Structures are given as structure tokens and as C-alpha cells.
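Before any comments, here is the structure.
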Amino acid sequence: MKILGISGGSKNGANDCMCKEALIAAREEGAEVEFIHLFDLDIRHCTGCKACVMGIFSGKGNKCVLKDDFAWLQEKMMDADGVIFSIPIFEKCAAGIFHTIMDRFGPRMGHGNLVIGNKIAEENGGTPIDPRCLKDKVVSYMAIGGSDWATEVQNDFYLHALTPMWKVIDNEVFMWFLGILADETKVARAHEIGVNIARAATDIEHATWQGEEGVCPHCHSKNFYLSDRQAAVCGQCGIVGKLVCKEDGLHFEFDKEQIAHAHDTLSGHFIHGDDIAKNEGESRAKMQTPEYKAKVKYYKEEIPAVRP
């Protein structure tokens, strides 16, 4: 059993230490552990070139064209049974380095895309997807912030997990805790997160959520988008329903068939893929017209980019 810890905070700062506390707990549970400090790596931003997507759907695998340390980081994650992230909170969200990792995962690690890509490769003698990309895995997240501006970070974490369909065990936010190591209860919580993920990794199929119960009964989200006065959309799993006020508080209610559309289900991945394919086809047809090409040419020439 391998548990990988990844920190995106300052060197030897609170995120590093809390991540290592969780890893110590996992090691006490019998896990082999490793630790990575993200700023030791050269990780470039995704350019949106879509080469990975074209590779998947042409049966050529899901390789990224960028040459940096991300491939090494991905190898480490794929070889682990469980991953713990400890990330600082910037402007209510996860730090930019984590968003870069989310982007680099993108569609190239989308579970539904990889299932389809594997089938295409098998039927056409192409390059099969590395089976480790489709391996079941457990993941836990810790976010540490210096204030209470932290309402979106759990969404960031969950969105990262749903792409490869990793099972989230804990998704913890520590607010007002710049000096978190002085609070033994919070350090103990990090230790508990390490115990939880180590135990979950021993039986991933039956592993369950161990964090605080949220408002959404499916994904435990507390974040919702109110699309209009009649509908609410879960900010994490995308289920559409209603927020209903009862004596014991707010409840999120939805039709059972909505589960098939949830972003963290395989059926939801396939539905999303079909929607994107339809949109891509319609959009690319428009982009091939002389009128569209003329507009691109106009904007390119009208205001060129400045450089340092």
C-alpha cells in the first residue's frame, strides 16, 4: 500500500508539515509513504492545445506534448494507492499551482474519455491507455487559509478528483489557521486524515467518505449555484434539484435519475463527452467558414500583443 503526500505551500511551512503529519499516520497504519513539494518541480501551464484529447480519440494514447516534470508527478500519483494533497487557499480558491495540476489532468485523465480511448485503440491496433490511469484510487485534501475567505476551495478539490474518478475520503478546510501547528486539535485532524486514507486504501472498492456531512447527500458539497428561483445546482457534482428549508435546516432534494448525470459518475462522464462532441462538431463547422476566418484575421491584425 502506497500513500503519496503532495504539498503546494511554502517550503517547510504549514502545508508541508500538515501533509507530513498525515503521512506519518498512514505509515503507522502500515503504508509506504512518499512526500512531494510541488515547488521543487518544473510544472508548466496547460496551453489548451487539445493534443491529448486528439490522441485519446484517435487511439494514440493520452500523452501531453509539454516536456516538464508533470509526467514524473503523474507517474508517482498513478503508482500510489492513495494521494493526500495539502494546498494553501488563495482568494477563496486553491492556490494557482493546484489549478495548473487540475488543468494538466483535464480531459487527458477523464475516466470516461480513457474508457472510450482504450476501446478505440483496441479496435484499431492503436496505443492502449496505461492501465494505471484507470486504476481505482482514494484521495484526501487539506486546505489551509489565513482567513474565512475559503468558500470555493472544496469545489476545486472535488473537481480534481472527479476527472479521474478517484474516491474522495476527506476534503477538509482549515480557516483562520496561519499558525495551525500550534493547535493540537487541527494537527490531530491531519493525523486522522492520514489514518482514514490508509485504511481506505486497503479496500478501495468499499471505502467511504469520512469527512463532515454536507448539504448534497450525493457528494457532501456545501456549495450551490442558484440557476433561477426554482432550481439549485450542486457546485461539485452538478446534480440539479431544489434547496428545501425544513425544521432542522436546508436540504438538497433531487430526482433519483439525476444521479446518472452527476459529474462524478461514469454515466455522467459519457453524457458530458457526448455534449462536448456535439458542441465541438457544430463549432468547428462554423470555424471553417470564410466569415469566421476573416474575423480571426481582423482581430489578429487590429491589435497585436505586446511583449516585454
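The values are calculated or read from the model by the stated rules, or taken from the named source; none is laboratory data. Because the structure is a prediction, the values reported are computed rather than measured. Cβ: placed from backbone, ideal geometry, glycine included. Neighbour counts: every protein chain shown. For the accessible areas, the whole protein counts, side chains as well, though only heavy atoms, and no ligand, DNA or RNA atoms are used. Shrake-Rupley method; radii C 1.70, N 1.55, O 1.52, S 1.80 Å.
Each residue of the range 218-308 gets 203 Å³ once the volume of the Cα convex hull is shared out per residue.
The residues of the chain expose, per residue, 55 Å² of accessible area to a 1.4 Å probe.
Relative to the dominant Cα principal axis of the chain, helix 111-124 is inclined by about 50°.
For VAL153, neighbours were defined as the other residues whose beta-carbon sits under 14 Å from its Cβ, and their charges (Lys and Arg +1, Asp and Glu -1) total -4.
Between helix 266-287 and the chain there is an angle of about 30 degrees, using the helix long axis and the longest principal axis of the Cα atoms.
Here r is the Cβ-Cβ distance between ASP228 and LYS50 and R0 is 35 Å; the resulting FRET efficiency, rounded to 0.05, is 0.60.
Here the scattering of the range 1-116 is modelled by Debye summation over its C-alpha atoms, one equal scatterer each and no solvent; at q = 0.17 Å⁻¹ the log10 of I(q)/I(0) is -0.90. Note on the chain: helix-only mean residue ellipticity at 222 nm, from DSSP H runs of 4+ residues weighted -39500 (n - 2.57) and normalised by residue number, equals -12000 deg cm²/dmol.
Expressed as a whole percent, the accessible surface of the range 1-140 that belongs to carbon and sulfur atoms is 52, based on a 1.4 Å probe.
Ranked by the mean number of other Cβ atoms within 10 Å of their residues, highest first, the peptides 147-155, 81-89, 63-71 fall in the order 81-89, 147-155, 63-71. Over the range 164-308, Cα pairs under 8 Å with separation of 6+ residues give a relative contact order of 12 percent. Kirkwood hydrodynamic radius of the range 103-144 from all distinct Cα pairs, in Å? Taking the inverse mean of 1/r over all distinct Cα pairs, the range 103-144 comes out at 11.8 Å. Sorted from longest to shortest, the spans of the Cα atoms of the chain along the three principal axes equal 65, 49, 49 Å. Computed from Cα atoms, the angle from the helix 184-201 axis to the main principal axis of the chain rounds to 60 degrees.
Judged by the mean number of other Cβ atoms found within 10 Å, the most tightly packed of the peptides 239-247, 6-14 leads the ranking 6-14, 239-247.
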